[in-house]
Every structure is written in C-alpha cells, then in structure tokens.
1. Exactly which GluC sites (Glu not before Pro) in region 428-465 are in a DSSP loop and have at most 16 other Cβ atoms within 10 Å?
2. Taking the simple approach of a point 7 Å from Cα along Cα-to-Cβ for both ALA166 and LEU555, what is their distance in nm?
3. For region 378-469, take the alpha-carbon Rg, divide it by the Kirkwood Rh, and send me Rg/Rh.
4. What FRET efficiency, computed as 1/(1 + (r/R0)^6) with R0 = 22 Å and r the Cβ-Cβ distance, is obtained for ILE476 and LEU499, rounded to the nearest 0.05?
5. Within region 206-272, list the trypsin sites (Lys or Arg not before Pro) lying in a DSSP loop whose Cβ has at most 11 other Cβ atoms in a 10 Å radius.
6. Mean shadow of region 432-578, computed from the convex hull of its alpha carbons, in nm²?
7. At a 1.4 Å probe radius, carbon and sulfur cover how many percent of the accessible area of region 403-547?
8. Using the Karplus curve 6.51 cos²θ - 1.76 cosθ + 1.60 with θ = phi - 60°, work out ³J(HN,Hα) for each residue of region 233-243 in order, rounded to whole Hz, and write x for Gly and Pro.
Amino acid sequence: MNQNRHTRLLHALFLFAALSFWLCPAWTLAAEPDRNAGDRPGRRAELRAEKPENKPKPEQQDSQKAQGGQDSKPAEVPDNSSFLQTFTSALGGSSKAETSVRTPGEKLVMLAELHKDAANLQEEIIRIKTEIARNPQTEGATALSLNLENLGKRLDESGRDFERIATGVELSLFHPTAAPTKFNWKEELAALFEPMVKEMRALTATTRQKADLREQIELLERQAKSAGEAVDNLTALRQISKDKTMNRQLDSLLDTWKTEYSRLNSKLEVARMDFHALSSGVGDKGRLHNFFETRGIFLLLSLLIFVFTFALARLFFLLLARRLPTAPNGQPSLAGRFLFVFAPFLSFILALIALLAMFVIVADGFMISLLVLFGLGLLWALRQTMPHQWQRSLMLLNMGPVREGERVVLDGLPWRVDNIGLYCRLSNPALEQVRRMPIERIFDHVSRPYDLEEPWFPCKKGDYLKLAGDSVVQVISLSVEQVCVVRVGTGMTTTYPTLAFLGMAATNLSQRFMVNTTLGLSYSLQADIVRQIPDTLRAWLQQKLDDEGYAASCLAVNCSFSKIAPSSLDLFVSLEFDGGLAPLYYRLHRALEGWCVDCCTENNWEIPFNQLVVRSADPEQRPLLILDKQP
C-alpha cells in the first residue's frame, strides 16, 4: 500500500515538473521583450514582416538617416494584447517569426525590405563620399569618414542577410571563420560574469549617481563660498584703494572672480537640480521592484523546478534504496550505503542542472552568471572541507576505521557500534546504556571484531564484588559516569567514578567464589598430616555442609598439606561456592574456621601457637626457657 502511494506521488511530481518546464518559456516570452533582437536590417525586416502597419514611411527613414547617419532601432515594447498569441506560440514550440519565412511570398516581402535598405544605404554612402570630396580638410571630415565606415559594414551585413534568406542555407559553412584564438580563461570568465555585473551596475546606477552628485555639490558649495569671500575681499580693497594702476589690476581680478563665482553658482544649481530629479525619480528601489516584477513569474517557476527536481530525485533514490537487497546481518548493503551517502548530493546536482537548463532556455544571462558564481563558491567551500567530507563519507559507507557491529573503546569504556550515521549509536550490553554521539567523535578511533564471550564490564547491577582490603560490596547502580556500591554488613553506600572503579581491579563474587583458611597442627601429628588428617577433615566439612544446607551450592571442598611452619604443620582448607551465596561471604568464612576447630577438638588434634624455645648444649637437659608467642 505504501509502495503504491509513493509511486503515485512520484508520478504526480514528475508531471508537475514537466509542466513547469513546458510553461516557463511561454511565461518568459510573454513577460519580457525579445532581448536578443539585434540592430541588423534582417531583424528589422522580420519585424516589419510581422507588423506591416508599424513600418515607417520612406520620408521618415530619409530624415533619420540625414540626422544621425544611422537607422534608428525600432522600440520593442511588450504588447499586453499579444500575450495570448505569444503564449500559444511558445506552447507550440515555434514563434511567428519562425513561421513567417516558410512561404515564398513572405520571403519575397522580407527580401524587398532588405533591398530597399541596401539601396538607401548606398545612396547615403554616395552622399557622404561626395561631401567628403568637397570639403576634405574640414573638422567634420573625420566624423563623416567614421560614419562612412559604419555604413559600409551595415551594407555588407544587409547583403549577407539577403543572400541567407534567399538561399535558405547557412552561409557560415561556405565562409569559414578565422583560425580560433588561443583560449584565455580570464577573458572567458569575464565574459561569463559580464551580464551579472552589468545588471548589478544598472540596479545601483541611481545610488552611485546620487553619491557622485552629493560629493560634487559639497565641493561646489565650498568653492562658491571661497569665491564669494574672494569677491568681497576684492570689493573692499577696491573701495579704499586710491592708486589707479592698482585699481585696474583689482578690477581685473574682481571681474575674473565674479565670473568664477557666477559659474560655480550655476554649476551648483544644475547639480542640485539633477540630485533632486534623481531623488524624486524611480531610484534603485523602483529599479529593484521592476527587476522582480519582470522576473517574478520566472523566478517562481525556477524555484518550483529546483524544489520539485530535488524532491523527485530524493524520492527516486528512496524507492531505489528500498528495492536493494540487504546484507546477511540485516544491515544495508554497500549499494544502499552509497545511495544513503550520495543521494542528497546527487539530488542537489540534478536540481542545479535543471535550474541551469531553465536559465539557458530563457537566455537569462544574469541568472546564469549568478548560478555559475554560486557553483564556484560551492566548489571553493568544498575544497576547504573535502578531506573532512571524504573521511565522513568513508565512515558512512562503513569503510572507515570504525565499523558497525565491532567493538571500540571510547573514554576508557568498551562500546559496541550498532549504527553509523551523522549521529552514531553505541551501546554497552553490561551497562544497558546507549549513547548517541556525532560521527566526528569517532574519527580518531579504531574498532575491532569481538568475541561473544568477551566481557563488556567487570560487573553488572546486583553483582557482589570483593575490593581491596577484603571488603565485599554489592553494585546497586551502573552508568557511564559513576558506579554506586553498598558495603555488605554495614549498609554504607559509596560512589566511584567509572574509570576509577575500573582501576580498582575488583573481584566478582557473583559467578563463583572461594573461602579459605590455613589450619596449623602440632608436630606430634607429623605421621598423619599428609594423608589421613586431610581426608578426615574433608569428610567432616562435607558433613557440616550437608547439615547447614550449603552442600548444593558448594562446588568443591579442598583440604591438603600446605607447608612446614616454624611452630606448626599447616593445612590449606578451601570451599568453592556458587555465586548465589556471595551475600554470605563473611558468614561462610567464619563457618569454615569454626568447622576446622570443631574437627580438631573432635579428633584431639593440637593446634599449636608460636613458641620460642631456648635449649642448653646438653641435649638430655630440659629446655631452659619456653616463650609463648600469641598470635
């Protein structure tokens, strides 16, 4: 059911994106004038063929040529009444200009217009040549020569357009261009960003002009003030001066500074008028508003195409990942991991390609330059972070030093790597805790495969431990930060940092433990101390265990000769118990020693104490001094 729902959603998104791609050129053509229209005669002929009613009269063309020496470019203003026609032609994949050259009759109309343009250009060239021949040394001869050169180029271009439309073939195939120049990446990059720079300059033109005018006004005000002071000073000197020669010089200076003062005031008024005109005009805010108004629908469709292309790609990769088989251990396969790691990046690249294709279709140089600049900035950022991203990708692909299902030591504790992602999931079965940490935390660590019988912690909650000093404690709390224990017999609670607790090398009593003691007997039992006495003591202990109910939990009873002590012959006695009796560790130890004493009493075995005997040189003489050393 979920798969069918995802499939239907994928189809809907695909149809919407395709419709957006289809409609965007139509909206753009309808909203903006033809920005690629040239100033060549062939283009003017096509426009006149499309709209014969707008064709200028021959008299108007002659007057325009006489004034500027060039044909004026017809203004192309978007006609709102032709929006439906433009929209329909864009949906059909062709425009009226393209269909107008398909019939021979329309071709003849265009050729006639081109022929008339060529004739007018030839007449203008003859007229300018005649004028130059009459007055070759005048100041306007240079300007007429430049105009003549320009008219010659236009006449050649008109001839090529006439031949191209008449023949219907591309003439560049028969007239190859010059040898290609050497590639210059600086020039190519400058040409690529030129539309964006021009657009930004156009958007901020008013602000820059106002800033220049403000500086000019401040300068002119200071100059006018200084010029006024100069006029006042010269006037005052002229009034009190009696020397005629000096008066003539002062009058000359006064006239000069009055003229300068008047000129500065005039320039200041003009600058203020220009500044006021710019302030009351459209301004940069209006230009910015017009920028978004003319490109509003286009930018909205571009954003929709980017978002839906990204969503379609992500959904496609998601469905593809679900169809890929998993590894035998239930983890994603290598192909699935590749999709997980690179699917967002590939989706983003596909969305950028769709956006670039959209800008190329509508021939928006500004947006193409902006997108290329964004791409270059993204590549520069990736250059700085590429080593880090590469290491992260290896970790996400489960090909790095730390891998899923292995054992890694972090902060002194072993952890099992359950999942590697942007946030890794680590667990410790003994602690029964799970940690989530960023993937960057495990970059500098190395994991290894582990054996199933490897312990993850020396103990678990509820275990009984024997610490240094023969103190027995029970673990009541375990965590990554601390271990809390309670001492058996006293009930006192102690908390240790986890790492400090691991350094204590505690003995776990909850699995299996042993209580032991050393029993020293008199030398008078020397004949039986090796065999008979240990067997008798072992049987006695087994009987006591049965009587006390500990026999089921006792795993072994050991009784053997240990060593020859200075005052006794020692036996090593031990009892091994199951971990279930760990809470009775102290009781069992005391019981063992009590059972040994009972056995000695029952069998009249002497338990000696340490003695210091002083004897004489005569072996037959009794000891001179016996000192008892109480233990």
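The values are calculated or read from the model by the stated rules, or taken from the named source; none is laboratory data. Just so it is clear, the structure is predicted and the values come from calculations on it, not from any experiment. All Cβ positions, glycine included, derive from the backbone under ideal geometry; neighbour counts span all protein chains shown. Note: areas computed on protein heavy atoms with side chains; ligands, DNA, RNA excluded. Shrake-Rupley method; radii C 1.70, N 1.55, O 1.52, S 1.80 Å.
1. On the way: sites: GLU432, GLU440, GLU453; in loops: GLU432, GLU453.
Passing sites in region 428-465 are GLU432, GLU453.
2. About 11.3 nm separates the two model spin labels.
3. Working: Rg = 16.8 Å, Rh = 14.9 Å.
Here the Rg-to-Rh quotient is 1.13.
4. Values: r = 19 Å, r/R0 = 0.86.
E between ILE476 and LEU499, to the nearest 0.05, is 0.70.
5. LYS242
6. Working: hull surface 55.6 nm².
Averaged projected area of region 432-578's Cα convex hull equals 13.9 nm².
7. On the way: 3850 of 7930 Å².
Its accessible area is 49 percent carbon and sulfur atoms.
8. With coefficients 6.51, -1.76 and 1.60, one gets 5, 5, 5, 5, 5, 5, 6, 9, 7, 10, 7 Hz.
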